[in-house]
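None of the figures in this text is laboratory data; all of them are computed from the coordinates on show. Nothing here was measured: the structure is a model prediction, and the numbers come from that model. Here the Cβ is made from the backbone with ideal geometry for all residues, glycine too, and neighbour counts use every protein chain on show.
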Amino acid sequence: MTVREMIDSLKNPIKEFSPIPFWFLNDRLDRTELKRQLEDFNEKGVNGVVLHPRIGLPEDFVYLSEEYFEIIRFIVESAAELDMKIVLYDEAMYPSGSAHGLVVKSNPEFSSVGITLTDNPSDGNVIVKLSGGKYIVSKKCGGTIRGIHFGEDDGENNAPPSADILNGDAVDKFIELTHEQYYKHLSKFFGNTVIGFFTDEPCILGRCAGRYFEWTNGLENDITSAGGELSELEGLFENKPNTTTELYKNIVRQRLNNVYYKKLSDWCGAHNIALMGHPKESDDIDEEMYFHIAGQDLVFRWVSPEKGSVDGVHSVQAKCTSDAARHMKKRRNSNECFGVCSRNEIPWYFTADDMKWYIDWLGVRGVNMFIPHAFYYSIEGKRKDERPPDVGPNNIWWKHYKLFSDYIKRISYIMTDSKNCAKTAVLCKSGDMKPDIARGFYENQKEFNYLPYSLLDKASVKDGKLCIAEYEYEYIVGDTDLNIKNVCGADEVVDFDFHTSIPVKELRVSHIVKNGVHMYFVVNEGETTLCFEADMPIDGTPVIFDLWSGEYYGIPYCYDGQRTHINISIGCRESALILFDCKNGSYAEQTVGTKINGLDFKLIKEDSLTKTYTAYYEKNYNTGNEYFEAEYEEMAECYVNGEFCSVGFYRRRFNVGRYLRRGKNEIKLIVTGNIANKYSDSYIPFGLRQ
């Protein structure tokens, strides 16, 4: 593929790489409204959805009933007519595995089980009597899931019971009740319109279980057979790890993998769809082998612009999935993103600026399928307060959402069927993905990939490099006796791919090759503009492609015989894709434009959510490249002489030249504040900053 062909593909992103949001089905479902919303999504470039039964469904709408499947089938048929894709969701509501309590209803012995410490042996099934007189007993732990009707949430009387997903018979019942029923009603759509089944953070104990540790009947036999001492399980309750507690954790993890994930994975594979979703923990990388589309879940602002992008266990999750996919030969990897990512714990206070930051955070780390949390079917009454915000149709940016969907499609495209050029493998396992070590690689633009220890038996050593899938690593971080250069961190990796003239700690870079084209995806994760010189070991003409606008341009460069040098300025919330045309094609450079200074915007109208400003500009000659800059909060729509020009969320520049005419021109900015001003008790200041 040539660079120009790559640019053409990027300018016109295809449906395959669409965001696929959770669609909260959370009210009485009307066919006309369902179809209207699907058509609206499709027009905005959202060409697929996850059908997520959610709290707010009326009680007389029975989960998995014939009436339920009539509605689901109508949605799927409507999606098929629109050439949209559907991902089914396997629970009502979450965590997965109980079929809205129907698994336990079919057999009470399928309830979640845990072990606890007690003085009374009659409290449960005695696993072991301890030397101090206490007992470890197993019993039903009382775990629940969040249900789909009001009164079924955490701590409420009707919350459905969770199932023992370490019990193979219980998991078989879950599949029989859920997956088999969906297939019975929708089989002709499997593998075409229906592309996957989403399983959501399965939790062995369920929610609200109290002080228990995971268990299932007979687990004591597995532990003793493996050489464990049951009395040492007391260390779980005392937070004192020992040989048996570590053995216990490994046995539980492996049993969950074999009994739950593998059964679901095998079922989905046999029915020509993908197992999708995500495991419970952000660093569950070994579990990703069972997902046909590896997945994770970015919620609660675990990482954020204000907290930082490279700290803590949750900072690993994007590369957890992308690197699992790379080494396990999975084409796509996903992230359920934006859920409950409100600022300052104010419901609905999530900005377009935030959304852009998170998309970039995920994309530069290799995520290539975005599952926004969430689009709400209804925000009536209490529904709007259930895990907000809506990041789609009930937010201020919806009429301009195609900008976001196209941006997501372009990132997903470059990160699919491509290969990054990391030279370092960071060895890891579930529960230990070394975020502290990763920091140095991120902040010095030295690309690395996580490689699970469990995959080393699929790797080989050739010419001093560790080879697995399409990747060759010159350096390894981690304990191994392989004859590869072992390093403790980024400082010991002497090779620079993307080298900067000054330290730029907030810059993230991924060097990818797709269809023979070398590209560098660069992202500013900081709060200020980054300006620096960069050099890369590529001989070719550099071209900047703006993944947000779809525009591209050449830039000045110098090739010194080994590396190409360029100057880069990348603003806050900005990204850039640098492509190298190794045939040295010619590309027009970006026009700087004529800046309009001194516009005097006057506030002429305001209400609780919007403020309208106007300014006047006298144009005496034609250039066509005039622009002005404005500081605003949060969304600014620009009109020139009554004609819509552009919208800004994070960019402060408005290109108005082609809309101007000789003489007097009216420039109008309509600034819309955060939707929290409408749906919460807080007031978020908004408007022009002059």
What size of dipole, in debye to the nearest 20, comes out for the chain about its Cα centre when the only charges are +1 on Lys and Arg C-beta atoms and -1 on Asp and Glu C-beta atoms? 1540
Based solely on its DSSP helices, what 222 nm [θ] is calculated for the chain when runs of n ≥ 4 H residues each add -39,500 (n - 2.57) and the sum is averaged over all residues, nearest 500 deg cm²/dmol? -6000 deg cm²/dmol
If you put +1 on each Lys and Arg Cβ and -1 on each Asp and Glu Cβ, how big is the dipole of segment 592-631 around its Cα centre, in Debye rounded to 20? 80
Any idea which of 676, 335, 64 is furthest toward the positive side of the dipole for the chain, if Lys and Arg beta-carbons carry +1 and Asp and Glu beta-carbons -1? 676
Given segment 422-491, what percent of its DSSP beta bridges are antiparallel, to the nearest 5? 40
For a label point 7 Å from the Cα of residue 604 along Cα→C-beta, name the residues of segment 610-629 whose backbone N is under 12 Å from it. 612-617
Collect residues whose amide H, placed 1.01 Å from N in the peptide plane, falls under 5 Å from the amide H of residue 277; neighbours closer than 5 in sequence don't count. 199
Of 622, 562, 649, whose Cα points farthest to the positive end of the dipole of segment 546-690 (charges on the beta-carbon: +1 Lys, Arg; -1 Asp, Glu; origin at the Cα centre)? 622
Quick one: 3J(HN,Hα) in Hz for segment 517-530, Karplus 6.51/-1.76/1.60 with θ = phi - 60°, rounded, Gly and Pro as x. 9, 7, 9, 10, 9, 10, 9, 9, 9, x, 10, 10, 5, 9
Spin-label pair residue 499/residue 172, simplified geometry with 7 Å Cα→Cβ offset, distance in nm: 6.2
Which of the three applies to segment 610-683, rounded, prolate or oblate, going by the alpha-carbon gyration tensor with a ≥ b ≥ c and a/c under 1.5 meaning rounded? prolate
Highest mean packing first, using Cβ neighbours within 10 angstrom, the peptides 638-648, 213-223, 107-117 sort as 107-117, 213-223, 638-648
Given 351, 243, 275, which one lies farthest toward the positive end of the charge dipole of the chain, if we put +1 on the Cβ of every Lys and Arg and -1 on the Cβ of every Asp and Glu? 351
Members of 249/423; 423/458; 307/668 lying beyond 26 Å, as alpha-carbon distances in this model show: 249/423; 307/668
Residues in segment 649-668 near a label at residue 627, defined as backbone nitrogen under 17 Å from the 7 Å Cα→Cβ point? 649-660
Pairs 329/409; 329/384; 44/678; 382/434; 280/465: which are spaced more than 30 Å apart, C-alpha to C-alpha? 329/384; 382/434; 280/465
Subtracting the Cα-Cα distance of residue 479 and residue 569 from 0.36 nm times their residue separation yields 28.5 nm
At a Förster radius of 35 Å, what calculated FRET efficiency corresponds to the Cβ-Cβ distance of residue 560 and residue 619, to the nearest 0.05? 0.20
HN-Hα J couplings of segment 434-446 from phi, Karplus 6.51/-1.76/1.60, θ = phi - 60°, integer Hz, Gly and Pro as x? 6, x, 5, 6, 4, 3, x, 5, 4, 6, 10, 6, 10
The size of the Cβ-based charge dipole (Lys, Arg +1; Asp, Glu -1) of segment 594-689 about the Cα centre, to the nearest 20 debye, is 420
Straight-line reach only, C-alpha to C-alpha below 21 angstrom: list the lysines that residue 134 could link to, leaving out same-chain residues fewer than 8 apart. 240
Rounded, prolate or oblate, given the Cα gyration tensor of the chain, with a/c below 1.5 counting as rounded? oblate
Taking θ as phi - 60°, what are the ³J(HN,Hα) couplings along segment 350-355 by the Karplus curve (6.51, -1.76, 1.60), each to the nearest whole Hz, with x for Gly and Pro? 10, 9, 4, 4, 4, 4
I want the antiparallel fraction of DSSP beta bridges within the chain, as a percent rounded to 5. 70
To the nearest 0.05, what FRET efficiency results for residue 528 and residue 311 with a Förster distance of 22 Å applied to their C-beta separation? 0.70
Given R₀ = 41 Å, FRET efficiency for residue 187-residue 689 by Cβ-Cβ distance, to 0.05? 0.10
